[in-house]
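Chemist: Just dropping this structure here.
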Amino acid sequence: MAILEYIHSPEDLKKLPLNRLPKLAEEIREYLIDVVSEHGGHLGGNLGAVELIIALHYVFDSPRDKLIFDVGHQAYAHKILTGRKDQMPTIRQYGGLSGFLLRTESPHDIFGAGHACTSLSAALGLAIARDRQGEDYEVVAIIGDGAFTGGMAYEALNNIGKLQPDLLIVLNDNEMSIDENVGALPEYLNRLKTSRLYNRLKDDVWNLLGRLPSDALSKRARDLARRIRESLETLMVPTVLFEELGVRYFGPINGHDIPQLVRYFRRLRDIPGPKLLHVLTEKGRGYPPALENKELFHGLGPFEKGTGRPLKKPGPPSYSSVFGKTLLDLARRDPRVVGITAAMPLGTGLNHLRDERPDQYFDVGIAEQHAVTFAAGLAVGGMKPFVAIYSTFLQRAFDQVIHDVALQKLPVRFALDRGGLVGADGPTHHGVFDLSYLRMIPNMVVMAPRDEAELVRMIHTAYHYEEGPIAFRFPRGRGFGVPLPEDPEPLEIGTWETVRDGGAAVILAVGPFVAWALEVAEQLGHPDLGVVNARFIKPLDEALLRRLLKQGVRALITMEENVLAGGFGSAVLEFLAAEGARVPVLRFGLPDAFVPHGDRTLLLRDLGLLPDAMAQRIQEFLKAHAL
């Protein structure tokens with residue numbers, strides 16, 4: 001009988017003898033492969049963290065003890081062991097489990113996250129709150145080596161070293177974030193793992209024990225050997241970075257050896273002050289396709305379990321791919337063109353540039369703030385930087401966009417992938433604030449293409465623009481399949497495109513909503529309902545708007561896949577107020593709330609943003625204004 005069938009909580013796990021836990025790890029790993037192959041999700045990191053999470057729940061008492069995961073890419077086994085095993089087939093689906101940690105989902109999810117580098121700061125806050133209130137529980141932060149490329153982790157370490165709380169940091173080192181880790185810190189961690197002095201002394205100890213008579217290898221001798229080995233691991237590796245910050249370093253140890261993990265967790269639980277345990281795991285462990293293609297199996301849709309082949313239907317290229325290939329074409333022509341990503345080459349399409357023109361490609365790690373200011377420096381030096389970052393992740397560099405780029409009117413080009421709702425990744429990844437937070441910044445130009453052909457023109461527009469920062473946002477997923485321009489012409493800054501004539505009422509639509517605006521107009525059959533592709537969110541096409549006012553437009557409708565607060569519709573209202581124009585406006589966009597995860601179409605349906613629902617509201621709006 002499968003062990004996993006009897007595990008419904010951490011209490012059930014603790015009833016198992018230690019020697020049964022490796023078998024449980026095998027069952028969890030197999031279950032994860034079954035679930036993710038059918039429904040999609042984050043797989044590689046979760047496969048690598050199974051033994052680690054089992055050992056954590058075996059030793060610590062969650063939720064009384066606080067286990068804080070960084071990002072949550074590695075926490076599926078945590079969900080399984082904390083009463084959500086039967087719900088796992090709903091993960092990342094509409095109405096189902098979140099793909100990340102969610103405080104409202106379980107008391108065991110102590111701190112929610114979908115962005116990296118948060119765990120150490122949150123853990124420190126919890127530890128200080130515990131001590132100030134006289135409570136007694138353990139605080140454990142589980143952070144991957146990829147998240148250690150982000151500056152926030154070092155800010156927290158600096159503060160932890162100063163405050164000296166009783167806190168355990170588990171560094172889960174699998175040599176990967178989403179793609180291969182980059183920078184000096186991963187190289188430092190690799191030196192910790194491969195210290196020649198440590199390995200030579202450890203081998204000498206085991207060789208010496210191997211020469212002893214077999215009857216001398218008593219339990220006491222084996223225990224002594226283990227203690228010597230663990231002491232070497234602690235003392236002989238170059239741990240100066242952590243030790244000098246005031247954090248005691250232990251390890252590295254095998255993150256797939258459950259008895260060793262349990263032993264270390266029990267020992268470290270009783271040592272006061274901040275400690276860091278360096279745990280080595282293998283991303284994709286137990287599933288050959290995930291081991292062979294770690295970048296792909298970080299997170300993917302449904303796939304064929306036997307082969308690992310993604311179950312993708314043929315169709316047009318993705319917006320990300322169109323961006324990446326267009327940028328590569330520009331880089332071939334101009335060595336000043338460089339692409340910058342924050343650990344997301346495949347997701348942003350910069351893998352094309354990386355593979356062919358590595359000298360014009362920079363992966364700075366999970367460090368969006370640095371990426372933006374690095375690009376600012378490149379711009380000062382005469383380069384043409386394109387910063388390719390998901391819309392939701394650029395939020396992390398908001399001050400750098402203002403202070404280091406826009407204030408100095410530097411020509412940094414921002415390519416915002418995943419603009420709009422992204423579906424299964426949910427509220428931490430929906431790119432629904434960018435039109436608002438970029439529109440408010442002086443000197444910024446903001447664009448959104450109606451399709452992939454217009455995206456190509458916007459990339460060329462950004463390439464030629466030298467007056468200051470310029471951004472273009474595009475959605476997740478495939479384009480419409482329209483032909484791409486062979487000789488793209490840059491757009492005139494701040495100009496819109498009329499795609500359906502009409503003067504009594506006009507729909508001003510942003511991005512892919514242009515196609516739905518046309519569908520709505522055709523569905524309504526109103527003889528004087530126009531549609532405009534409002535491809536520039538900033539600056540607005542004020543000349544076109546004034547022309548519409550002069551011609552006697554009696555109603556305006558705006559459509560955007562962005563929050564209504566401060567978005568494109570707000571910009572239109574501000575313009576009308578400044579002009580003293582009393583024209584009724586109906587705005588379509590996202591409400592003042594965080595949108596949950598789920599299929600994008602279902603989410604848009606719930607928000608009343610599918611063509612049929614919008615057509616009905618527009619019809620009522622026009623009727624109310626006698627149109």
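Chemist: Set Lys and Arg Cβ to +1 and Asp and Glu Cβ to -1, take the dipole of the chain about its Cα centre, and tell me which of Ala424, Tyr463, Met152 lies farthest positive.
Modeler: Ranked along the dipole, the leading option is Met152.
Chemist: About its Cα centre, what dipole magnitude does the chain give when the only charges are +1 on Lys and Arg Cβ and -1 on Asp and Glu Cβ, stated in debye to the nearest 20?
Modeler: Taking the Cα centre of the chain as origin, the dipole is about 980 debye.
Chemist: On to the next question. Within the range 400-481, list the GluC sites (Glu not before Pro) lying in a DSSP loop whose Cβ has at most 13 other Cβ atoms in a 10 Å radius. It would help to have the intermediate numbers written out before the result.
Modeler: On the way: sites: Glu452, Glu454, Glu466, Glu467; in loops: Glu466, Glu467.
Passing both the DSSP loop test and the Cβ count: Glu466, Glu467.
Chemist: Continuing with this model, one more query. I'd like the Karplus ³J(HN,Hα) series for the range 504-521: coefficients 6.51, -1.76, 1.60, θ = phi - 60°, whole numbers in Hz, and an x wherever there's a Gly or Pro.
Modeler: Values, residue by residue: 6, 9, 9, 8, 9, 10, 10, x, x, 5, 4, 4, 6, 4, 5, 4, 5, 4 Hz.
Chemist: Hey, another quick one. How would Trp496, Trp516 line up from fewest to most surrounding beta-carbon atoms within 10 angstrom?
Modeler: On the way: Trp496 18, Trp516 21.
Ranked by crowding around the Cβ, least crowded first: Trp496, Trp516.
Chemist: So, one more: Could you quote the convex hull projected area for the range 16-100, Cα atoms only and averaged over all directions, in nm²?
Modeler: One quarter of the hull surface, i.e. the mean projection, equals 5.5 nm².
Chemist: Another question about this same structure. So between Arg132 and Lys14, what do we pick up on full extension, going 0.36 nm a residue minus the alpha carbon distance?
Modeler: Residue separation times 0.36 nm, minus the Cα-Cα distance, leaves 39.4 nm.
Chemist: Taking only the alpha carbons of the range 497-624, what extent do you get along each of the three principal axes, in Å, biggest first?
Modeler: The Cα atoms of the range 497-624 stretch 44, 31, 26 Å along their principal axes.
Chemist: Another one. Stick to the Cα atoms of the range 414-528, pair each with every other, and give me the Kirkwood hydrodynamic radius in Å at one decimal. Please report the intermediate quantities before stating the final value.
Modeler: Working: mean 1/r = 0.0639 Å⁻¹.
After inverting the pairwise mean of 1/r, the radius is 15.6 Å.
Chemist: Given Cα pairs under 8 Å that are at least 6 residues apart, what percent is the relative contact order of the chain?
Modeler: So the answer I get is 11 percent.
Chemist: Could you pull out every one of the aspartates and glutamates with an alpha carbon less than 13 Å from that of Lys283, ignoring same-chain neighbours closer than 8 positions?
Modeler: Counting by Cα, and skipping residues close in sequence, Lys283 has these aspartates and glutamates nearby: Glu51, Asp145, Asp173, Glu175, Asp179, Glu180, Glu292, Glu295.
Chemist: In the chain, what % of DSSP beta bridges are antiparallel (nearest 5)?
Modeler: Antiparallel: roughly 15 percent of the beta bridges in the chain.
Chemist: Rounded to the nearest 5, what % of the DSSP beta bridges within the range 319-473 are antiparallel ones?
Modeler: 5 percent
Chemist: Based on alpha-carbon centroids, what's the gap between the range 258-321 and the range 448-514 in Å, whole number please?
Modeler: Spelled out, the Cα-based centre of one part sits 38 Å from the other.
Chemist: Further question on the same structure: Given R₀ = 60 Å, FRET efficiency for Lys305-Glu620 by Cβ-Cβ distance, to 0.05?
Modeler: So, using R0 = 60 Å, E works out to roughly 0.75.
Chemist: Give the cross-link partners of Lys313 among the aspartates and glutamates, using a straight C-alpha distance below 19 Å as the criterion and excluding same-chain residues fewer than 8 apart.
Modeler: Qualifying aspartates and glutamates at Cα under 19 Å: Glu38, Glu304, Glu452, Asp599.
Chemist: For Asp501 and Leu549, what is the calculated FRET efficiency with R₀ set at 25 Å and r taken between the beta-carbons, to the nearest 0.05?
Modeler: E(calc), rounded to 0.05, equals 0.90.
Chemist: Something else about it: Given H placed on each backbone N at 1.01 Å, which residues far from Ile507 in sequence or on other chains put an amide H within less than 5 Å of it?
Modeler: When sequence neighbours closer than 5 places are left aside, the close amide H contacts are Gly530, Val531, Val532, Ile557.
Chemist: In the range 500-533, whose amide N lies under 12 Å from the spot 7 Å out along Cα-to-Cβ of Val585? List them in ranges.
Modeler: Only 508 fall inside the zone, counting backbone N under 12 Å.
Chemist: Please compute, over every Cα-Cα pair in the range 319-473, the percentage with a separation greater than 26 angstrom.
Modeler: When all Cα pairs of the range 319-473 are counted, 14 percent exceed 26 Å.
Chemist: Taking only Cα atoms, what is the 0 to 90° angle, nearest 10, from helix 50-59's long axis to the longest principal axis of the chain?
Modeler: 60 degrees
Chemist: Per-residue ellipticity at 222 nm for the chain, helices alone: DSSP H runs ≥ 4 residues times -39500 (n - 2.57), over residue total, nearest 500 deg cm²/dmol?
Modeler: Value at 222 nm, helices only: -11500 deg cm²/dmol.
Chemist: Let me ask something else about it. Pairs to check: Lys23/Lys294; Lys162/Lys275; Lys85/Lys294; Lys79/Lys294. Give those whose C-alpha atoms are more than 18 Å from each other in this structure.
Modeler: The answer is Lys23/Lys294; Lys85/Lys294; Lys79/Lys294.
The numbers here are math on the coordinates, done by the rules we state, and not lab data. Fair warning: this is a prediction, and the values are worked out from it, not measured in the lab. All Cβ positions, glycine included, derive from the backbone under ideal geometry; neighbour counts span all protein chains shown.
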